[in-house]
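Each remark here refers to the structure printed beneath this line.
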Amino acid sequence: MQLTNVLGFSKFKLVIWLASIWLLLVSLLLLDNYYTEKSHVFSELLFKTQSGAMQYELLISSQVDEDATYKKEFLYSLANSFHPTLDLTIISKNGRIASSTLEQLNQLSYSPVLHQFSNDIKCIESLGRLLAEPLSGCMVSIENAQSFFLASLSTKAFRNFWLQKNKHYLVASLISFLAFGLLVYLLSLIQAKILTQEVENSLKYKQKDEDFKRLISNLPGLVYRFKVTDKKLMFVSSGSLQLLGYPPEHFMQNDLTPFDLIDDDDINDFTQQSHSARFSLKPFELVYRVNSLSGERKWVLDRGRCIKDQDGQHFVEGVMLDITERELVRQQIEYLAIQDPLTELYNRYKFNDELVDAVDDATRKKEHFAMLFIDLDRFKNINDSLGHQLGDRLLRKVASRLQTLVPEQHFLARMGGDEFVVLMRNIVQKNEIELLADKINSAVRKPFNIDSYQLRTSCSIGISLCPDDSTQSHILWRYADTAMYQIKNRGGDGYQFFTSKMGDLVQQRIKIEHGFIPGLEHKEFELYFQPQVDINTGKVLGAEALIRWNHPTLGFISPAEFIPIAEETGFIHELGDWIIHESLTQLERWQKINPQMTMAVNVSALQITQEFPDKIASFLKQYHINKNTLELEITESLLMENIGFVQPLLSKVCDHDVFFAIDDFGTGYSSLSYLRYLPINKLKIDRAFVMNLETNQEDVAMVKAIISMSKNLNLKVLAEGIETQSQLRILQEQGCDSFQGYLFSRPVDKDTFYDLYINCDQTITS
């Protein structure tokens with residue numbers, strides 16, 4: 001430990017203190033030397049006085065008269081033999097004074113009689129007064145001569161003698177004093193500079209501290225410093241008021257921490273995670289819920305790090321951010337990933353996961369399960385005659401009845417449209433299946449009261465069994481679908497197990513499979529185009545190409561029926577190339593009049609192979625279209641099954657100034673889960689989210705969440721299936737970019753589209 005710390009003052013004060021001590025010691029030494037020398041001299045005086053008196057007494061015994069001149073020479077010689085500053089004086093009976101050094105005394109006659117000098121000290125003092133100079137010395141009376149013999153030394157003479165004798169010592173002391181003085185002066189300048197710098201630094205640190213506190217107070221969230229060992233809060237920012245409802249003073253005064261407000265449902269997880277994080281000295285990130293002063297439960301993101309000071313104390317420094325809105329959006333998205341937004345049942349993607357698990361269990365555990373594929377009868381008539389809104393309400397009521405019938409151990413989902421599916425696991429007897437199928441048929445058969453309508457429908461149920469029929473999920477799907485169509489062909493309202501005799505439908509599928517190539521050759525396929533419109537201006541931005549197939553024997557075949565077959569058979573590549581070819585042909589034609597016109601083309605995931613980027617590049621060289629006007633829409637979940645393979649291929653396509661869009665966004669888990677990994681430019685909100693915007697606030701919230709997330713990812717948003725001005729207005733308010741739907745136009749053939757939207761400017765009034 002330093003001396004300055006022991007004494008309790010600064011280095012500058014220590015130097016001043018030491019200099020003062022030094023000066024005091026020098027002064028004491030000088031005084032001691034002065035008085036020691038003076039004492040020595042007076043000892044000598046005594047000796048001189050006695051010796052001189054004896055010599056003078058011998059002198060006057062041989063002299064009859066006292067000769068003044070002789071007396072002076074005697075005294076001078078005697079004084080020089082002893083001390084250069086010593087004065088020997090004889091005061092005669094007649095008052096005459098003879099002195100060895102004091103010349104002025106030789107001229108004087110001391111008038112007072114000798115009896116006045118009976119005391120030697122008084123005589124010396126009187127003589128000093130006579131000379132106006134203090135004298136010190138000794139005097140001896142010489143009786144025979146009636147004289148006094150005086151050895152004296154003036155104060156001035158001794159001082160001069162002493163100074164002359166000690167001049168080197170005094171010079172050295174003076175130089176040392178001046179050096180110390182200079183040192184003290186320099187130190188004072190340094191100290192002043194240091195003090196000035198300290199003041200400036202103090203002001204700077206104070207300003208920085210104020211700036212830091214102001215910065216902390218302006219940061220979103222709550223900044224804190226927590227001492228782990230004492231479990232005490234050392235610092236908390238003003239953000240605690242907004243986040244938790246408590247001002248910082250409340251925590252500091254009441255020995256309360258934000259961690260005391262963690263929700264009971266999350267406290268155990270927080271304790272486990274934070275214990276390891278706080279002692280690992282590594283950055284941590286925790287998500288949990290807290291209860292604010294108002295009673296509101298908020299989600300917070302706690303990011304920080306544990307630090308260890310030089311004393312071994314652990315501190316946690318971090319920031320709590322309010323992520324309630326983000327967490328709610330995430331929950332909504334997760335909900336959309338597995339839930340059907342219309343009926344709130346599980347969707348087809350979640351069902352596919354369950355089906356794969358059931359097939360695996362059936363293989364490993366020798367379990368039996370059944371798949372019931374449910375399709376409503378004559379639903380299309382209700383939808384077309386009464387509108388989609390009423391049709392959607394009917395679907396919700398059907399879903400509600402199914403939920404009351406299907407036991408919890410089984411799995412119920414909506415596949416899309418008017419199709420539902422039930423997965424019955426751990427089946428012991430076939431009559432269990434029949435009993436549930438009968439209940440479903442009976443329940444759906446009962447009328448549904450919606451507004452002033454009493455709607456009646458029924459359902460057709462196709463059933464496939466595992467492992468009896470197959471142990472492959474896609475075959476079980478096909479068999480259940482085939483069995484369902486068997487019932488529907490008989491008028492519906494019943495159920496049917498798949499049998500090997502159901503060959504007619506299989507034959508129909510075969511006709512479809514073998515009809516692709518002839519269909520292309522004979523121009524049975526045709527593209528229709530639906531306008532995509534700017535939601536604010538009503539201006540036509542582009543079109544989506546939609547394929548149609550008019551089979552010579554089977555009649556009109558829905559894309560929902562032949563596209564999956566094309567994917568299964570591999571014909572999707574030839575069909576996809578034809579669609580792109582026809583779409584670019586029309587786009588090249590339209591851009592001669594409107595260069596900004598865009599074209600959206602649906603692409604199957606199976607089309608995206610290693611050759612796909614080069615194929616797109618070849619098409620773009622063949623057709624002269626403007627950059628960034630071709631948009632490829634991805635609709636199938638198969639795209640996401642090999643994201644590591646697909647992502648770089650999509651990026652290569654984007655290098656050719658081609659956009660990608662996610663079609664029917666929100667209806668599939670894969671699109672949501674892997675969105676951030678794909679080079680996507682646009683999201684298309686599925687019509688299921690917008691059909692009930694006027695009456696369902698949950699749908700509004702979901703659309704808002706999707707649009708908000710899209711904006712955060714710098715994606716454009718297009719809404720499908722817009723049929724009313726109210727839907728359009730709500731989407732405008734939420735910040736949607738564009739739309740398509742019956743409100744503006746149904747899909748039309750190429751010539752009609754050209755006449756309506758290329759040669760003229762048709763817009764919609766919002």
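The values are calculated or read from the model by the stated rules, or taken from the named source; none is laboratory data. Fair warning: this is a prediction, and the values are worked out from it, not measured in the lab. A quick note on method: Cβ atoms are made from the backbone with ideal geometry, for glycine too, and the neighbour counts reach across all protein chains shown.
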Subset of the range 717-735, residues under 37 Å from the mean Cα position of the chain (by Cα), of a type in the set (Gly, Ala, Ser) and on the phi < 0 side of the Ramachandran plot, comes to Ala719
Filter result for Val703 (at pLDDT 85 or above and buried (at least 19 other Cβ atoms within 10 Å of the Cβ)):
yes
Flagged in the range 14-48 as of a type outside the set (A, V, I, L, M, F, W, C), modelled with pLDDT of 70 or more and surrounded by 13 or more Cβ atoms within 10 Å (Cβ to Cβ), in numbering order, are Asn33, Tyr34, Glu37, Lys38
Selection over the range 248-258 where residues are surrounded by 14 or more Cβ atoms within 10 Å (Cβ to Cβ) and either without any contact (Cβ under 8 Å) to a residue 24 or more places away in the chain or part of a strand (DSSP E or B) (or both) yields a count of 5
Of (1) crowded, with 19+ Cβ neighbours inside 10 Å; (2) free of Cβ contacts under 8 Å to residues at least 12 places away in the same chain, Ile572 satisfies every one except (2)
Those residues of the range 466-491 which are buried (at least 19 other Cβ atoms within 10 Å of the Cβ) and over 60 Å from the mean Cα position of the chain (by Cα) amount to Gln486, Ile487
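Residues checked against (1) in the same structural domain as Asn696 (by TED's automatic domain parsing); (2) within 29 Å of Ala337 (Cβ to Cβ); (3) surrounded by fewer than 20 Cβ atoms within 10 Å (Cβ to Cβ); (4) not small (Gly, Ala, Ser):
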site: Leu376; (1), (2), (3), (4): no, yes, no, yes
site: Ser400; (1), (2), (3), (4): no, yes, yes, no
site: Val421; (1), (2), (3), (4): no, yes, no, yes
site: Thr457; (1), (2), (3), (4): no, no, no, yes
When the range 581-602 is checked residue by residue, the ones that are in contact with a Phe, Trp or Tyr (Cβ under 6 Å, 6 or more places away or on another chain) and assigned to a helix (DSSP H, G or I) are Leu584, Glu588
Taking the range 482-530 and keeping residues acidic (Asp, Glu) and without any contact (Cβ under 8 Å) to a residue 12 or more places away in the chain leaves Asp504, Glu521
Expected output for the range 23-43 (first residue within 17 Å of Ala179 (Cβ to Cβ), partner surrounded by 11 or more Cβ atoms within 10 Å (Cβ to Cβ), Cβ below 8 Å, 6+ apart or cross-chain) is Leu23/Phe177; Leu23/Phe180; Val26/Ser173; Val26/Ser176; Val26/Phe177
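Checking the conditions here, which among Arg303, Arg330, Arg289, Arg297 is farther than 18 Å from Ile262 by Cα, among the basic types (Lys, Arg) and not assigned by TED's automatic domain parsing to the domain that holds Ile707?
Only one candidate qualifies: Arg330.
Here's the yes/no breakdown for (1) of a type outside the set (Lys, Arg); (2) within 17 Å of Phe529 (Cα to Cα); (3) surrounded by fewer than 19 Cβ atoms within 10 Å (Cβ to Cβ); (4) outside the structural domain of Ser583 (by TED's automatic domain parsing):
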residue: Met691; (1), (2), (3), (4): yes, no, no, no
residue: Lys711; (1), (2), (3), (4): no, no, yes, no
residue: Phe739; (1), (2), (3), (4): yes, yes, no, no
residue: Tyr742; (1), (2), (3), (4): yes, yes, yes, no
residue: Ser745; (1), (2), (3), (4): yes, yes, no, no
residue: Lys750; (1), (2), (3), (4): no, yes, no, no
In the range 578-596, residues that are over 13 Å from Tyr623 (Cβ atoms) and under 50 Å from the mean Cα position of the chain (by Cα) total 4
Scanning the range 347-370 residue by residue, those farther than 12 Å from Thr471 by Cα and touching a helix residue (DSSP H, G or I) at 6+ places or on another chain (Cβ under 7 Å) turn out to be Asn347, Tyr349, Lys350
When every residue in the range 452-478 that is in contact with a strand residue (DSSP E or B) (Cβ under 9 Å, 6 or more places away or on another chain) and assigned to a helix (DSSP H, G or I) is compared, the one farthest from Asp357 (Cα to Cα) is Arg478
Does any residue of the range 667-677 turn out to be of a type in the set (Lys, Arg), modelled with pLDDT under 80 and surrounded by fewer than 16 Cβ atoms within 10 Å (Cβ to Cβ)? yes
Picking from Asn291, Asn352, the residue that is touching a strand residue (DSSP E or B) at 6+ places or on another chain (Cβ under 7 Å), more than 15 Å from Phe226 (Cα to Cα) and at pLDDT 85 or above would be Asn291
(message) With the structure loaded, tell me whether Ile307 is over 30 Å from Ser473 (Cβ atoms) and not charged (D, E, K, R) or whether it fails that test.
(response) yes
The residue from Ile463, Ile512 that alone is hydrophobic (A, V, I, L, M, F, W, C), buried (at least 16 other Cβ atoms within 10 Å of the Cβ) and not assigned by TED's automatic domain parsing to the domain that holds Asp392 is Ile512
Contact list, first residue from the range 607-624 and within 16 Å of Trp578 (Cα to Cα), second anywhere and aliphatic (A, V, I, L, M) and in a loop (DSSP other than H, G, I, E, B), beta-carbon distance below 9 Å, six or more apart or interchain, is Ile616/Val658; Leu620/Val658
Condition set in contact with a His (Cβ under 9 Å, 6 or more places away or on another chain) and polar (S, T, N, Q), scope the range 585-609, selection surrounded by the most Cβ atoms within 10 Å (Cβ to Cβ): answer is Gln607
Against the definition (of a type in the set (Asp, Glu) and assigned to a helix (DSSP H, G or I)), how does Glu317 come out, yes or no? no
Contact list, first residue from the range 356-368 and among the β-branched types (Val, Ile, Thr) and at pLDDT 90 or above, second anywhere and surrounded by 13 or more Cβ atoms within 10 Å (Cβ to Cβ) and in a helix (DSSP H, G or I), beta-carbon distance below 9 Å, six or more apart or interchain, is Val356/Ser473; Val359/Ser473; Val359/Leu476
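Across the range 302-314, which residue is nearest to Val329 (Cα to Cα) among those that are in contact (Cβ under 8 Å) with a residue 12 or more places away in the chain and surrounded by fewer than 18 Cβ atoms within 10 Å (Cβ to Cβ)?
Step by step, filter the range 302-314, then rank; the result is Arg303.
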